[in-house]
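J.: Sharing a structure below in structure tokens format, with a few things to ask.
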Amino acid sequence: MSLGGEKKNVVVIGGGVAGSVVAKTLQNEVNVSLIDEKEYYEITWASLRSMVEPEFAKRSVISHSEYLPHAKIIPSAAVDITDTDVLTKQGSRIAYDYLVVATGHTQSGAETKTEKISQYQAEYEKIKAADSILIVGGGPTGVELAAEIVADFPAKKVTLVHRGSRLLEFIGESASKKALNWLTSKKVEVILEQSVLVNSQSDGVYRTSGGETIVADCYFLCTGTLFGSVWLKQTILKDSLDSRGRIMVDSNLRIKGRKNIFAIGDITNVPELKQGYLAQEHAKVVAENITSLIKGVEDDHKLAVYKPATKALAIVSLGRKDAVAQFPCLSIAGRIPGMIKSGDLFVGKTRKGLGLQPSV
């Protein structure tokens, strides 16, 4: 697919949930270069299962080369963008005709699949060896981790501290209450409207902002991460960020004021819940639009439009069999939403979407 017979260059920055789909979709039609600090794509909503079952990561952590046989993979961070090139931390200049920014949230840690799986093994050993565990943060990560631990290790004392007035504030109050009831039924101690300074602990004793003390053998910080956009402030896109650091996009998911640069996933200012399946929908729209532009479509009205999911579905796993689900009009908890997500956490489905076998 090209104009004048020469394949166009599409550069994707970020190999997460959204970037991986764009690269996979376009790799046979154009010259795709994927720039990512990691050599792998991780199915992030499966990461907490991997902490209690490290073998699970062998399916949920996927080397980019496994699903991108026809793309160029550049294991480096991007540090600058010009009108024609992306500059990497290693000093390479990668030319683009079309650019997709998909850097999501900041992440640090393992660069290779082997390192990542080893990291999960170490987390598992840490959980297994502990009698008491402190989890700081009551969003989906903290709630799902607490649930995974008590489902697999019911004898362990788990305490979850959250500074908000309820768990899972991104969904409705009814769903929050159902998650709280599930955790307390499994003997998880939930402390709301308080925070913990984990660095001020001594001999396994932690103090909350409310003056309570918590004894724990180890802790996990589940308080969210920053948008992966700070580096863009030094680039031609510096004026494309809103006050929260998100990239402002139009209805075609092009960065406002740019004809050939798109942004997708959590890093955008699309007014909807930040959900993996929605980031994948962003990717499909952008792949379609890049294909149309390469074919010579000049009328913007003929480009695919992304409609924000104002009534998004959210499912939070509660161990291996249960979950709490927020549907547009109601919330439910228990085995039925658990059947939708909690068993395999959509890992087989996601692998198939990348053209891979559901199992390893």
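The values are calculated or read from the model by the stated rules, or taken from the named source; none is laboratory data. On a predicted model such as this, the values are computed, not experimentally measured, just so you know. In this analysis, Cβ positions are derived from the backbone assuming ideal geometry, glycine residues included, and neighbour counts consider all displayed protein chains. For accessibility, only protein heavy atoms count, side chains too; no ligands or nucleic acids. Shrake-Rupley method; radii C 1.70, N 1.55, O 1.52, S 1.80 Å.
J.: Suppose the filter is more than 19 Å from Gly355 (Cβ to Cβ), surrounded by 19 or more Cβ atoms within 10 Å (Cβ to Cβ), modelled with pLDDT of 95 or more and not basic (Lys, Arg); does Tyr67 pass it?
T.: Values: more than 19 Å from Gly355 (Cβ to Cβ): no; surrounded by 19 or more Cβ atoms within 10 Å (Cβ to Cβ): yes; modelled with pLDDT of 95 or more: yes; not basic (Lys, Arg): yes.
Here the answer is no, as Tyr67 does not meet what is asked.
J.: Name the residue that is surrounded by the fewest Cβ atoms within 10 Å (Cβ to Cβ), counting only residues in region 82-92 that are farther than 25 Å from Leu226 by Cα and touching a residue at least 12 places away in the same chain (Cβ under 8 Å).
T.: Asp83
To keep it simple, each residue is scored yes or no on (1) basic (Lys, Arg); (2) closer than 22 Å to Val10 by Cβ.
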{"position": "Asn252", "(1), (2)": "no, yes"}
{"position": "Thr268", "(1), (2)": "no, yes"}
{"position": "Gln275", "(1), (2)": "no, no"}
{"position": "Ala283", "(1), (2)": "no, yes"}
{"position": "Asn289", "(1), (2)": "no, yes"}
{"position": "Ser292", "(1), (2)": "no, yes"}
{"position": "Lys295", "(1), (2)": "yes, yes"}
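J.: Related question: So if I check each of Val215, Val249, which one is farther than 30 Å from Ile340 by Cα, surrounded by fewer than 16 Cβ atoms within 10 Å (Cβ to Cβ) and of a type in the set (A, V, I, L, M)?
T.: It is Val215.
J.: Please verify whether region 140-151 includes one or more residues that are touching a Pro at 6+ places or on another chain (Cβ under 8 Å) and surrounded by 15 or more Cβ atoms within 10 Å (Cβ to Cβ).
T.: Looking through region 140-151, none of the residues is touching a Pro at 6+ places or on another chain (Cβ under 8 Å) and surrounded by 15 or more Cβ atoms within 10 Å (Cβ to Cβ).
Residue by residue, here is whether (1) among the aromatic types (Phe, Trp, Tyr); (2) modelled with pLDDT under 95; (3) out of contact with any Phe, Trp or Tyr (no Cβ under 6 Å at 6 or more places or on another chain) holds:
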| residue | (1), (2), (3) |
| --- | --- |
| Ser165 | no, no, yes |
| Ile171 | no, yes, yes |
| Leu180 | no, no, yes |
| Leu183 | no, no, yes |
| Glu189 | no, no, yes |
| Leu192 | no, no, yes |
| Val198 | no, yes, no |
| Ser202 | no, yes, yes |
| Asp217 | no, no, yes |
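J.: Taking the condition of being over 24 Å from Gly16 (Cβ atoms), open to solvent by 20 Å² or more (accessible area, probe 1.4 Å) and under 19 Å from the mean Cα position of the chain (by Cα), how many residues in region 303-358 meet it?
T.: 0
J.: Across region 93-110, which residue is nearest to Asn9 (Cα to Cα) among those that are among the polar types (S, T, N, Q) and surrounded by 14 or more Cβ atoms within 10 Å (Cβ to Cβ)?
T.: Per the stated criteria, the residue is Thr103.
J.: Shifting gears a bit: If you go through region 252-259 one residue at a time, do you hit one that is in contact (Cβ under 8 Å) with a residue 60 or more places away in the chain, open to solvent by less than 10 Å² (accessible area, probe 1.4 Å) and either more than 21 Å from the chain's Cα centre (by Cα) or more than 23 Å from Lys302 (Cα to Cα) (or both)?
T.: No - not one qualifying residue is present in region 252-259.
J.: Would you check if there is a residue in region 111-128 being of a type in the set (Asp, Glu) and surrounded by 17 or more Cβ atoms within 10 Å (Cβ to Cβ)?
T.: There is at least one residue in region 111-128 that is of a type in the set (Asp, Glu) and surrounded by 17 or more Cβ atoms within 10 Å (Cβ to Cβ).
J.: Taking the criterion of being assigned to a strand (DSSP E or B), open to solvent by less than 60 Å² (accessible area, probe 1.4 Å), free of Cβ contacts under 8 Å to residues at least 12 places away in the same chain and among the β-branched types (Val, Ile, Thr), would at least one residue in region 200-207 satisfy it?
T.: The initial filter retains those residues of region 200-207 that are assigned to a strand (DSSP E or B), namely 202, 205-207.
Right, trim to open to solvent by less than 60 Å² (accessible area, probe 1.4 Å) and you get 205-206.
From the residues that got through so far, the ones that are free of Cβ contacts under 8 Å to residues at least 12 places away in the same chain too are 205.
Then drop every residue that is not among the β-branched types (Val, Ile, Thr), which leaves 205.
Yes, that holds for at least one residue.
J.: Considering only residues of region 12-40 that are part of a strand (DSSP E or B) and open to solvent by 10 Å² or more (accessible area, probe 1.4 Å), which is farthest from Lys89 (Cα to Cα)?
T.: Asn31
J.: In addition: Of the residues Thr235, Thr184, Thr225, which single one is open to solvent by 10 Å² or more (accessible area, probe 1.4 Å), β-branched (Val, Ile, Thr) and in contact (Cβ under 8 Å) with a residue 12 or more places away in the chain?
T.: Result of the check over Thr235, Thr184, Thr225: Thr225.
J.: Can you confirm whether region 43-59 contains a residue that is open to solvent by 20 Å² or more (accessible area, probe 1.4 Å) and closer than 23 Å to Trp231 by Cβ?
T.: Yes, region 43-59 contains at least one residue that is open to solvent by 20 Å² or more (accessible area, probe 1.4 Å) and closer than 23 Å to Trp231 by Cβ.
J.: Hey, Phe170 hits all of (1) surrounded by fewer than 17 Cβ atoms within 10 Å (Cβ to Cβ); (2) assigned to a helix (DSSP H, G or I) but one; which does it fall short on?
T.: If we test Phe170 against (1) surrounded by fewer than 17 Cβ atoms within 10 Å (Cβ to Cβ); (2) assigned to a helix (DSSP H, G or I), just (2) comes out false.
J.: Any residue that is farther than 23 Å from Thr44 by Cβ and either hydrophobic (A, V, I, L, M, F, W, C) or part of a loop (DSSP other than H, G, I, E, B) (or both) - is there at least one of those in region 227-234?
T.: Checked region 227-234: no residue is farther than 23 Å from Thr44 by Cβ and either hydrophobic (A, V, I, L, M, F, W, C) or part of a loop (DSSP other than H, G, I, E, B) (or both).
J.: Output the number of residues of region 70-81 satisfying the condition of being β-branched (Val, Ile, Thr) and open to solvent by less than 40 Å² (accessible area, probe 1.4 Å).
T.: Selection size over region 70-81: 2.
J.: Restricting to region 238-250, what's the tally of residues that are within 13 Å of Ile267 (Cα to Cα) and either in a loop (DSSP other than H, G, I, E, B) or touching a residue at least 40 places away in the same chain (Cβ under 8 Å) (or both)?
T.: Of the residues in region 238-250, 7 are within 13 Å of Ile267 (Cα to Cα) and either in a loop (DSSP other than H, G, I, E, B) or touching a residue at least 40 places away in the same chain (Cβ under 8 Å) (or both).
J.: Grab the strands (runs of 3 or more DSSP E) fully contained in region 254-329, keeping just those with 2 or more residues being farther than 30 Å from Ser342 by Cβ. So that I can check it myself, show each step before the final result.
T.: Details: elements: 261-263, 314-318, 322-326.
So the answer is 261-263.
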